[in-house]
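Following: one structure in structure tokens, then a few remarks.
The values are calculated or read from the model by the stated rules, or taken from the named source; none is laboratory data. Here the structure is a predicted model, which means the values were calculated and not measured. Please note: Cβ atoms are built from the backbone with ideal geometry, for glycine as well, and neighbour counts cover all protein chains shown.
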Amino acid sequence: STQVQLARRPEGVPSDDVWDITSTEVAEPADGEVVVQVRYLSLDPAMRGWLNDVRSYIPPVQIGEVMRAGGTGTVVASAHPDHAVGDVVTGTVGAREYATLPGEELTTLDLDLADEPTWLGALGMPGMTAYFGLTEVGALQDGETVLVSAAAGAVGSVVAQIAKARGCRVIGVAGGPDKVAWLRELGCDEAIDYREGDLTRQVRKAAPDGVDIYFDNVGGPLLDAALANLRRGARVVLCGAISGYNAQSLPDGPKRYMSLLVFRARMEGFVVFDYEDRYPEAIAAIGSMIRDGSLVARETVLDGGVRAFPEALRGLFDGVNTGKLVLAL
Ligand code: NDP
């Protein structure tokens, strides 16, 4: 089984020499374990954070360890009563072709509802993040004005569509004309290309009365532009800050944080894993939207097998994906 191990900690964008790609025997399943042949790996911006040796919501990946990664695949051997050979499952399988794991860490997928890549996207961790970030942390109300960044990505595209289904005015922000066009197809009332600059003015034009929710996936200058355009009682949901994940120093801002005082607004961070008990509720809600056609689940599937993992991860920071980025093995 080919696997990707962390060889050294990256500085800036993780180059190829951050990784060792090695081969190993597949371990037989001990009692309670199963062997999964991995079919799709999830590429997540958070992976960049897991490479830093700092205290966070989850321990960093250690040098020499197989890279942590979510994925889906097929059970090829089982010593667990709930998992039969041939079942398609999801879990934290790691960046490798075969994973021998405790059966209780895996969930069987309903492929009648959606294909494997969607279970890593709209029905997976990103979809859960969109749902709980928007409804719980953002306390979404029908008809509000919602601004979302990285809106053509895995989390952002689900945020935009849930907000739309709730009768909100939705402003999506993404990089480049193709993504902006797709955001309009998804029903966004306004779509902003952040590469065109002048963000404060672009947000003001799209939301002259300000925004009730800013769902922040990117941080940086767009966060300041959003803070400059809040409505009274606004909620700024700190989901991520991808624009700074490869930075080698801490950001100066947010420069406009006093807007929180002026507009009696709040800014709150969250980690999706805290909602794990409630994933079935989100899967039911998003699943029914997929079924009735009110939510489009899109993935960008890269080929190249596990050896393409280093390049695929960098792709997130170049915006190669529309919808969820996955790597096919
Ligand atoms: P995406 O599918 O959105 O992929 C990342 C996207 O970010 C790229 O496609 C790119 O789109 C955009 N991007 C990359 N670099 C920059 C930059 N410098 N400035 C602005 N945009 C950039 O990833 P996810 O949906 O998986 O994740 C979105 C965010 O949500 C991330 O910040 C992630 O860390 C966070 N997250 C947080 C969770 C939580 O529990 N709090 C859980 C899951 C995700 P474009 O072409 O538009 O630039």
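Name the residues in the range 18-61 that are surrounded by 17 or more Cβ atoms within 10 Å (Cβ to Cβ) and assigned to a loop (DSSP other than H, G, I, E, B), would you?
Hits for the range 18-61 are 29, 43, 44, 45, 51, 60, 61.
Can you name the condition, by its number, that residue 290 falls short on among (1) outside any helix (DSSP H, G or I); (2) under 22 Å from the mean Cα position of the chain (by Cα); (3) more than 14 Å from the ligand (Cβ to nearest atom)?
With (1) outside any helix (DSSP H, G or I); (2) under 22 Å from the mean Cα position of the chain (by Cα); (3) more than 14 Å from the ligand (Cβ to nearest atom) applied to residue 290, the lone miss is (1).
From (1) part of a loop (DSSP other than H, G, I, E, B); (2) in contact with a Gly (Cβ under 9 Å, 6 or more places away or on another chain); (3) within 20 Å of residue 308 (Cα to Cα); (4) not basic (Lys, Arg), pick out the condition that doesn't hold for residue 99.
Every listed condition holds for residue 99 apart from (1).
For residues in the range 164-176 being assigned to a loop (DSSP other than H, G, I, E, B) and within 16 Å of the ligand (Cβ to nearest atom), which is nearest to residue 268 (Cα to Cα)? Quick ask: steps written out before the conclusion?
Narrowing the range 164-176 to residues assigned to a loop (DSSP other than H, G, I, E, B): 166-168, 175-176.
Among the residues that remain, those that are also within 16 Å of the ligand (Cβ to nearest atom) are: 175-176.
Working: 175: 25, 176: 28 Å.
Here the answer is 175.
Here is a yes/no grid of residues against (1) modelled with pLDDT under 95; (2) assigned to a helix (DSSP H, G or I); (3) within 15 Å of the ligand (Cβ to nearest atom):
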site: 143; (1), (2), (3): no, no, no
site: 150; (1), (2), (3): no, no, yes
site: 156; (1), (2), (3): no, yes, yes
site: 159; (1), (2), (3): no, yes, yes
site: 162; (1), (2), (3): no, yes, yes
site: 188; (1), (2), (3): no, no, yes
site: 195; (1), (2), (3): no, yes, yes
site: 200; (1), (2), (3): no, yes, no
site: 204; (1), (2), (3): no, yes, no
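Might you check whether a residue that is assigned to a loop (DSSP other than H, G, I, E, B), out of contact with any strand residue (DSSP E or B) (no Cβ under 6 Å at 6 or more places or on another chain), over 16 Å from residue 129 (Cα atoms) and of a type in the set (Val, Ile, Thr) occurs anywhere in the range 270-283?
no
If you take the residues of the range 263-287 that are over 23 Å from residue 110 (Cβ atoms) and within 12 Å of the ligand (Cβ to nearest atom), which of them is surrounded by the fewest Cβ atoms within 10 Å (Cβ to Cβ)?
So the first thing to find is which residues in the range 263-287 are over 23 Å from residue 110 (Cβ atoms), and the list is 263-271, 274.
Going one step further and asking which of them are within 12 Å of the ligand (Cβ to nearest atom), we end up with 268-271, 274.
Working: 268: 13, 269: 14, 270: 17, 271: 14, 274: 11.
Only one residue tops the list, namely 274.
Go through the range 125-141 and count every residue that is out of contact with any strand residue (DSSP E or B) (no Cβ under 7 Å at 6 or more places or on another chain) and part of a loop (DSSP other than H, G, I, E, B).
1
Read through the list (1) more than 19 Å from the chain's Cα centre (by Cα); (2) over 30 Å from residue 33 (Cβ atoms); (3) buried (at least 24 other Cβ atoms within 10 Å of the Cβ), then give the number of the only condition that residue 96 fails.
Residue 96 satisfies all of (1) more than 19 Å from the chain's Cα centre (by Cα); (2) over 30 Å from residue 33 (Cβ atoms); (3) buried (at least 24 other Cβ atoms within 10 Å of the Cβ) except (2).
For residue 85, indicate whether it is under 20 Å from residue 109 (Cβ atoms), among the β-branched types (Val, Ile, Thr), free of Cβ contacts under 8 Å to residues at least 12 places away in the same chain and loosely packed, with under 13 Cβ neighbours inside 10 Å. Step through it out loud before you land on a result.
Numbers: under 20 Å from residue 109 (Cβ atoms): yes; among the β-branched types (Val, Ile, Thr): yes; free of Cβ contacts under 8 Å to residues at least 12 places away in the same chain: yes; loosely packed, with under 13 Cβ neighbours inside 10 Å: yes.
Spelling it out, residue 85 is indeed under 20 Å from residue 109 (Cβ atoms), among the β-branched types (Val, Ile, Thr), free of Cβ contacts under 8 Å to residues at least 12 places away in the same chain and loosely packed, with under 13 Cβ neighbours inside 10 Å.
Assuming residue 231 fulfils every condition listed in (1) away from the ligand (no atom under 16 Å from the Cβ); (2) outside any strand (DSSP E or B); (3) more than 18 Å from residue 121 (Cα to Cα) apart from one, which condition is it?
Of the numbered conditions (1) away from the ligand (no atom under 16 Å from the Cβ); (2) outside any strand (DSSP E or B); (3) more than 18 Å from residue 121 (Cα to Cα), the odd one out for residue 231 is (2).
Just checking, which of 245, 214 is among the aromatic types (Phe, Trp, Tyr), in the same structural domain as residue 260 (by TED's automatic domain parsing) and closer than 17 Å to residue 156 by Cα? Talk me through it step by step, then tell me what you get.
Numbers: 245 fails: closer than 17 Å to residue 156 by Cα.
Matching residue, one of 245, 214: 214.
Among the residues of the range 206-228 satisfying the criterion of being acidic (Asp, Glu) and touching a strand residue (DSSP E or B) at 6+ places or on another chain (Cβ under 7 Å), which is farthest from the ligand (Cβ to nearest atom)? Quick ask: steps written out before the conclusion?
Applying the first criterion (acidic (Asp, Glu)) to the range 206-228 yields 209, 212, 216, 224.
Adding the requirement that they be touching a strand residue (DSSP E or B) at 6+ places or on another chain (Cβ under 7 Å) leaves 209, 212, 216.
Details: 209: 25, 212: 20, 216: 8 Å.
Going through the qualifying residues, I end up with 209.
Go through the range 190-217 residue by residue and tally those that are surrounded by fewer than 15 Cβ atoms within 10 Å (Cβ to Cβ) and either closer than 25 Å to residue 316 by Cβ or of a type in the set (A, V, I, L, M, F, W, C) (or both).
Step one: filter the range 190-217 for residues surrounded by fewer than 15 Cβ atoms within 10 Å (Cβ to Cβ), giving 195-198, 201, 205, 208-209.
Adding the requirement that they be either closer than 25 Å to residue 316 by Cβ or of a type in the set (A, V, I, L, M, F, W, C) (or both) leaves 195-197.
Selection size over the range 190-217: 3.
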